[in-house]
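The values are calculated or read from the model by the stated rules, or taken from the named source; none is laboratory data. None of the values given here were measured: they were computed from a predicted structure. Here Cβ is always computed from backbone atoms with ideal geometry, including for glycine, and neighbour counts include all displayed protein chains.
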Amino acid sequence: MSGFFEGTALDYYDAGSVDLQSRWDAVADWWNARLEAGIDPYQKITSDRISPLVKGSYRDGTVFSGLNFASQEYLSLASHPEIVEAAIYAARHYGCHSAGSATLMGNTDLSVQLERRLAEYLGYKDCLVFPIGWAAGYGAVKTLVRKHDHVVIDALAHACLQEGAADATPNVHRFPHLSTDGVERRLRAIRATDTRCGILVVTETLFSMDSDTPDVRPLVRLCREYDATLLVDAAHDLGVYGAGGRGILEEQGILNEVDVIVGSFSKTFASTGGFVVTNSRGFRFGLRGGCGPSTFTNAMTPVQSAVVLAALDIVESPEGDERRARVLRNADMLRSGLAEAGFKVIGRASPIVPVLLGDAHIARLMTKFSIEMGGIVNLVEHPAVSANRCRWRLQVMADHRERQIVEFVEIARRSRERALEEASILSTANDRVAS
Ligand SMILES: Cc1ncc(COP(=O)(O)O)c(C=O)c1O
C-alpha cells in the first residue's frame, strides 16, 4: 500500500523494454492503484461551466463537486455574456475551424485583427498568435536560437521554454531562480569565450508554481550590456496587473524594453491560444515559415480569436479594473486565511496561491480529503516541483465570494487533520507488519 503514497510515476517507467509502448504499463498500474486508493487527483473532468463552484468526476467516473480553486479563470470571463455572444457570432459567421496553417490560409479577419490589437495594446510593432500558449513559448525560443547560440534561462521557467531551449541548442545555462547575479555570471562567462554567438535570456513575469516575480529592469540592462536578447513569458500576469491589465512589465515600467514577450490566453482571456510580440521586422517570417508549432499546425480558430478580442475589450475597460481588484482581494484573503490556519503559503499576492504541503504521502491524503469535503484543488508533486515541496497550486477567480474562501480554509484545515491522523494509523500498521 505504501508504494502508492511515495515515489513518482517515472520510478515505474521501464526504459529497458524493447517494446516502446509497454514501457509505460507499470506506470499505468501504479496510477490505477492510486486511483483505487482515492489518491489520484489528476485528469479530473468537469461537467458544467467553470465557475467558483464546480461539478466533475475522476477518470473512473467517481463524481465530486464543490468550491473550485483548480481552474485558470482569473477574471471570471469564460461565461461572460459578451464573450459568449462573441463566440456565437464567430461560429455563425466564420464556422468553427481555421482549416489551415497561418502560413497558408488559416488566418481569419479575426485572428489578424487580434494580432494588430495585441501589438498595439502592448506597444510593440508586431504580434503573432498561436493556437495554444505552449506553442508560442516553445516556438519563440526554438526559432530564435540555433545550435551555436546560448540560452540563459531561469531554473524554474515553464516547460515550454525549457523544452524549446533544449531542442534549440546544447548550450543551455540554467540560473538560480530569480537571480540577477546568476544571469550576469553566465553572460560574462559566455562572452569571455564567444563574442559572436546569440544569447537568449529567458524568464517569466509571474512564476506559476511559486507565485513570484523577477526584477526585470536589471535583466534589460544586462542584455544590452552583453548583447543578449531578452524573452519574457507573461502568461499568468497579463490582464491581471498594471494599467489596463498590461501586466507586471507595465507595473515595473519596462513594458516596451523587453525584446520579446510571449504569453497565453488561457489564464485570463477565456480561451486557449497564445502570442508572441516583437519589434523585429524579420522575426514574424521566422515564426510563420520556420517554426514547427506555427508553420505545421492549423491556426487559431475564429471562435478563439473572437473570444480573446472580446476578453481584451473587458480587460482594458473599467470593468477589467474592477475584476482585477476583486481577484487580487480574493487571493489576499485566501492567503491570509490559510496562513492564519498554519499553512505555509509562498510567493507574492497574485491569483496563484501556492500552499506547501510537504511530502507526497501527506499531500496525496490531504488532496483526497479536501476534494471529498468539497474543496476542489490541484496537487503538484515531484518531479514538477522538488521532492518534499509538494503543494496545492490554488487559483483564485474574481467571482469567488468571501464566504467561499472562508469555507475553503476550513476544509483545508480539516483535510490536514484527517491526513495526519490517517498517515499515523498507516505508519503504526506498517510498523506492526514489519516487526
Ligand atoms: C508560464 C507559462 N507559459 C506557457 C504556458 C502554456 O500555456 P497554455 O496552457 O495556454 O498552452 C503556461 C501554462 O500552462 C504557463 O504557465
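Figures for the structure shown
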{"item": "Spans of helices (runs of 4 or more DSSP H) in the stretch 117-199 with at least 2 residues touching a Pro at 6+ places or on another chain (Cβ under 6 Å) and either free of Cβ contacts under 8 Å to residues at least 12 places away in the same chain or within 16 Å of the ligand (Cβ to nearest atom) (or both)", "result": "133-144"}
{"item": "Test: Ser51 is part of a loop (DSSP other than H, G, I, E, B), outside the structural domain of Val409 (by TED's automatic domain parsing) and surrounded by 14 or more Cβ atoms within 10 Å (Cβ to Cβ)", "result": "no"}
{"item": "For Trp392: the one exception among (1) part of a helix (DSSP H, G or I); (2) at pLDDT 95 or above; (3) not assigned by TED's automatic domain parsing to the domain that holds Ile132", "result": "(1)"}
{"item": "Hits in the stretch 373-423 - residues which are among the small types (Gly, Ala, Ser), surrounded by 17 or more Cβ atoms within 10 Å (Cβ to Cβ) and over 13 Å from Met333 (Cα atoms)", "result": "Gly375, Ala412, Ser415, Ala419, Ala423"}
{"item": "Residue that is more than 12 Å from the ligand (Cβ to nearest atom), within 25 Å of Leu379 (Cα to Cα) and not polar (S, T, N, Q), where the choices are Val258, Val240", "result": "Val240"}
{"item": "Residue within the stretch 111-130 that is surrounded by 15 or more Cβ atoms within 10 Å (Cβ to Cβ) and of a type in the set (S, T, N, Q) present", "result": "yes"}
{"item": "Criterion (of a type in the set (Asp, Glu), in contact with a Lys or Arg (Cβ under 9 Å, 6 or more places away or on another chain) and in the same structural domain as Asp215 (by TED's automatic domain parsing)) met by exactly one of Asp109, Asp181, Asp154, Asp149", "result": "Asp154"}
{"item": "Within the stretch 242-257, tally of residues that are surrounded by fewer than 24 Cβ atoms within 10 Å (Cβ to Cβ) and either touching a helix residue (DSSP H, G or I) at 6+ places or on another chain (Cβ under 7 Å) or farther than 27 Å from Arg191 by Cα (or both)", "result": "11"}
{"item": "Inter-residue pairs, beta-carbon under 8 Å, first more than 27 Å from Glu407 (Cα to Cα) and in the stretch 313-340, second of a type in the set (A, V, I, L, M), 6+ apart", "result": "Ile314/Leu75; Ile314/Leu77; Ile314/Ile83; Val315/Leu75"}
{"item": "Selection count, the stretch 203-229, where residues are within 11 Å of the ligand (Cβ to nearest atom), among the hydroxyl-bearing types (Ser, Thr, Tyr) and assigned to a strand (DSSP E or B)", "result": "1"}
{"item": "Count - residues of the stretch 263-314 that are within 16 Å of the ligand (Cβ to nearest atom) and not in a helix (DSSP H, G or I)", "result": "21"}
{"item": "Selection within the stretch 204-215 - closer than 16 Å to Val152 by Cα and touching a Phe, Trp or Tyr at 6+ places or on another chain (Cβ under 9 Å)", "result": "Thr205, Pro214"}
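Residues checked against (1) assigned to a loop (DSSP other than H, G, I, E, B); (2) closer than 28 Å to Ile362 by Cβ; (3) touching a residue at least 12 places away in the same chain (Cβ under 8 Å):
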site	(1), (2), (3)
Gly16	yes, no, no
Asp19	yes, no, no
Asp25	no, no, no
Gln43	yes, yes, yes
Arg59	yes, yes, yes
Gly66	no, yes, yes
Ser79	yes, no, yes
Glu82	no, no, yes
Arg92	no, no, no
